[in-house]
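Below is one structure; the comments refer to it alone.
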Amino acid sequence: MRSEKRGVVENNTSHRIIRFLWLWLPVIIVMLAIMFVSAIPSDKKPGDPFQHADKCAHFMAYGILALTLYRAIRLSVPGRSRAYHAFMTIVVAALYGITDEGHQHFVPGRSMSPYDLMADTIGASIAAVVMNLTRMIGGR
């Protein structure tokens, strides 16, 4: 009898770990990719192919981060409104953008930029709103 209970507990624990990884591993991978790219010193970074290309890159990277965040937050915190999921997605992405900009302060030739943070937040916001609208239209 005791071994059956232990098996249920172990199975439940492994299920939680797998679920956590399924939800949050994409978020972690995107965050690590952003951190890796922002750790490249400016003299090792390729030149921008067009004016404001770096802002477009921030916009797109944080849009992708927001897509993974929205999914993870929505499935981790069921029962909350779509607006809550979108809001939390934007908050977490913006907070990560702040840490990323702070990290760049210590990278040779790089600096903190409020404009980069603005591009991060706008990219995350648009992605969160799009996710919210597609869920609204889809009726989920």
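Since every read-out is calculated from the coordinates, none of them should be taken as a lab result. Note that this is a predicted model, so its numbers are computed, not measured. Every residue, glycine as well, gets a Cβ built from its backbone with ideal geometry; the counts of neighbours run over all protein chains shown.
Taking the criterion of being under 14 Å from K55 (Cα atoms) and surrounded by 15 or more Cβ atoms within 10 Å (Cβ to Cβ), the residues of the range 114-140 that qualify are D116, L117, M118, A119, D120, T121, I122, G123, A124.
Okay, residues lined up against (1) surrounded by 13 or more Cβ atoms within 10 Å (Cβ to Cβ); (2) under 13 Å from the mean Cα position of the chain (by Cα); (3) without any contact (Cβ under 8 Å) to a residue 12 or more places away in the chain:
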position: M31; (1), (2), (3): yes, yes, no
position: I34; (1), (2), (3): yes, yes, no
position: P46; (1), (2), (3): no, no, yes
position: G63; (1), (2), (3): yes, yes, no
position: V92; (1), (2), (3): yes, yes, no
position: E101; (1), (2), (3): yes, no, no
position: P108; (1), (2), (3): no, no, no
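For the range 76-90, name all the residues that are of a type in the set (S, T, Y) and surrounded by 15 or more Cβ atoms within 10 Å (Cβ to Cβ). Even if it seems obvious, please write down each step before you answer.
Of the residues in the range 76-90, the ones of a type in the set (S, T, Y) are 76, 81, 84, 89.
The one that is of a type in the set (S, T, Y) and surrounded by 15 or more Cβ atoms within 10 Å (Cβ to Cβ): T89.
Find the residue count for the range 64-112, including only residues that are small (G, A, S) and within 19 Å of L25 (Cβ to Cβ). Summing the residues that are small (G, A, S) and within 19 Å of L25 (Cβ to Cβ) in the range 64-112 gives 4.
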